[in-house]
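Novice: Starting off with a structure, shown below.
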Amino acid sequence: MIKLNINNKNYELDIDPDTPLLWVLRDIIGLVGTKYGCGVAQCGACVVHLNGEAVRSCVTKISRAAGQNVITIEGLSENNDHPLQKAWVELDVVQCGYCQAGQIMSAAVLLRENKNPTDKDIELAMEGNICRCGTYLRIKKAIHLAAEMQRNGS
Amino acid sequence: MEIKPGKKRLNIRHAKFAIIIIFIVTVSGLLTSGFRSNTSHEKAWVVEVNNKDSIASVDAFMKVYQVLKSPRCMNCHPAGDIPLQGDDSHLHTMSPIRGKDGKGVYAMKCSNCHQPNNSAGLNTPPGNPKWALPPEDMKMVFEGKSPRELALQIMDYKRNGHKNKAQLLEHARDTLVKAGWNMGAGRKPPPLSYKEFVAAWDKWNNNGGVAPK
């Protein structure tokens, strides 16, 4: 039996410890905001927070998450009002949207550790998140806007 | 040139004096060493001399060097701040950077992809709980180093991660070093077996850690 906390809710799962965290989130818990992209930690679509770090859930076995705290895009904020989510909406960042949950979860770690990131900081943090639609420029603008919102407390 | 009689007498006198001094010094040296008790300090000195074999040490290091320069070791000891990847040691895709502690930055920390164990499948992220580059203030670069440069770097306490001889010997047994021989599918192992590497590493260190010319 594996116990873990997902989005501030406790779960006990009778499951193979080698099962990827991504499959647990999507197929067992039903949190489908996190997406399957490449399955080999190359694209970033499946990024969730494990104890605050932006892990790739496709290669993270559920055994690693045992007893730990997981936050998915559904749990990033209570009312979809994280500065990043607001900035994303305001700048209409999304095109197809498939990679965006992973993009936002990676950006959230950046903004937690760096309240006023430069373009270079954003590039360093987001290099591992691929967007096939090429929304990179809007992502960068939205992260700057979210940082500003965060600094202003809005 | 004519030699003046006075000058010649002076030279002979000097020579006689020098021979007497050398005789006294030699005899007193032999006598004192012969009667000196065999102290532990002296034993240690003798052991140290006997254990140093610079030819064997250099020979062993050249084996060690082949391993250190193999992609399995060198890829995480790059000249720049981005790790290398693959048997051709290309720059790591996604360009993750070293960061202050060697464990990456922001959403690009090593352990976000590199799990405690290897991931299944061809060319998936290899894993180890300690996965990291050397830290920013002690980069311990292997890439581009000649055998002499690398040997001197490893033997230099100020550039080797502050390791003394015992810690250097221990380092070859580190689980992250050992992981170089278990890097997952699609990656060529180092040219020596792990056992051969440790033997060569020990031999190099125990024979004085001599750097090749």
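The values are calculated or read from the model by the stated rules, or taken from the named source; none is laboratory data. Every value quoted in this text rests on a predicted model; they were computed, and no experiment measured them. Please note: Cβ atoms are built from the backbone with ideal geometry, for glycine as well, and neighbour counts cover all protein chains shown.
Novice: Going through region A:71-111 one residue at a time, which ones are over 17 Å from A:TYR36 (Cα atoms) and β-branched (Val, Ile, Thr)?
Specialist: A:VAL89, A:VAL93, A:VAL94, A:VAL109, listed by residue number.
Novice: Which of the residues that make up region A:113-126 are in a helix (DSSP H, G or I) and either of a type in the set (Val, Ile, Thr) or within 9 Å of chain B (Cβ to nearest Cβ) (or both)?
Specialist: If the condition is that a residue be in a helix (DSSP H, G or I) and either of a type in the set (Val, Ile, Thr) or within 9 Å of chain B (Cβ to nearest Cβ) (or both), then A:GLU113, A:ASP121, A:ILE122, A:GLU123, A:LEU124, A:ALA125, A:MET126 are the ones that fit.
Novice: Looking for something closer than 14 Å to A:LEU21 by Cα, away from chain B (no Cβ under 12 Å) and surrounded by 22 or more Cβ atoms within 10 Å (Cβ to Cβ) - is there at least one such residue anywhere in region A:41-60?
Specialist: Checked region A:41-60: at least one residue is closer than 14 Å to A:LEU21 by Cα, away from chain B (no Cβ under 12 Å) and surrounded by 22 or more Cβ atoms within 10 Å (Cβ to Cβ).
Novice: Also, I was wondering about something else. Those residues that are crowded, with 17+ Cβ neighbours inside 10 Å and either outside the structural domain of B:ASN160 (by TED's automatic domain parsing) or of a type in the set (A, V, I, L, M, F, W, C) (or both), I need them from region B:172-187; list them, please.
Specialist: B:ALA172, B:VAL177, B:ALA179, B:MET183
Novice: Right, something else. Could you tell me whether B:LEU192 is at pLDDT 95 or above, assigned by TED's automatic domain parsing to the domain that holds B:CYS73 and not in a loop (DSSP other than H, G, I, E, B)?
Specialist: No; evaluated as a whole, the condition is false for this residue.
Novice: Looking only at region B:87-128, filter to residues that are of a type in the set (Gly, Ala, Ser) and in contact with a helix residue (DSSP H, G or I) (Cβ under 7 Å, 6 or more places away or on another chain); which one of those is farthest from the other protein chains (Cβ to nearest Cβ)?
Specialist: B:SER89
Novice: Quick check on region B:67-86: of everything there that is within 14 Å of chain A (Cβ to nearest Cβ) and within 14 Å of B:MET183 (Cβ to Cβ), which residue is surrounded by the fewest Cβ atoms within 10 Å (Cβ to Cβ)?
Specialist: B:GLY86
Novice: Return the residue satisfying two criteria in turn: it lies in region A:82-97 and is of a type outside the set (A, V, I, L, M, F, W, C) and in a loop (DSSP other than H, G, I, E, B), and of such residues it is nearest to the other protein chains (Cβ to nearest Cβ).
Specialist: The qualifying residue nearest to the other protein chains (Cβ to nearest Cβ) is A:HIS82.
Novice: Conditions: (1) touching a residue at least 40 places away in the same chain (Cβ under 8 Å); (2) surrounded by fewer than 21 Cβ atoms within 10 Å (Cβ to Cβ); (3) within 11 Å of chain B (Cβ to nearest Cβ). A:ASN129 meets all but one. Number of the miss?
Specialist: (2)
Novice: May I ask you to verify whether B:ASN117 is closer than 21 Å to B:PRO189 by Cβ, buried (at least 20 other Cβ atoms within 10 Å of the Cβ) and out of contact with any Ser or Thr (no Cβ under 6 Å at 6 or more places or on another chain)? Working first, answer last.
Specialist: Details: closer than 21 Å to B:PRO189 by Cβ: yes; buried (at least 20 other Cβ atoms within 10 Å of the Cβ): no; out of contact with any Ser or Thr (no Cβ under 6 Å at 6 or more places or on another chain): yes.
Criteria not met by B:ASN117.
Novice: Turning to a different aspect of this structure: Out of B:ARG98, B:ARG148, which single residue is more than 15 Å from B:TRP181 (Cα to Cα), in the same structural domain as B:ALA200 (by TED's automatic domain parsing) and assigned to a loop (DSSP other than H, G, I, E, B)?
Specialist: B:ARG98
Novice: Can you tell me which residue within region A:57-74, out of those that are among the charged types (D, E, K, R) and more than 20 Å from A:GLY128 (Cα to Cα), is nearest to the chain's Cα centre (by Cα)? Let's see the steps before the verdict.
Specialist: Of all residues in region A:57-74, those among the charged types (D, E, K, R) come to A:61, A:64, A:74.
Retained after the next criterion (residues that are more than 20 Å from A:GLY128 (Cα to Cα)): A:64, A:74.
Values: A:ARG64: 17, A:GLU74: 9 Å.
Out of the qualifying residues, it is A:GLU74.
Novice: Moving on. Look at B:MET94 and say whether it is more than 26 Å from the chain's Cα centre (by Cα), over 22 Å from B:GLY161 (Cβ atoms) and not aromatic (Phe, Trp, Tyr). I'd like the intermediate steps shown before the answer.
Specialist: Values: more than 26 Å from the chain's Cα centre (by Cα): yes; over 22 Å from B:GLY161 (Cβ atoms): yes; not aromatic (Phe, Trp, Tyr): yes.
When the stated conditions are applied, B:MET94 passes them.
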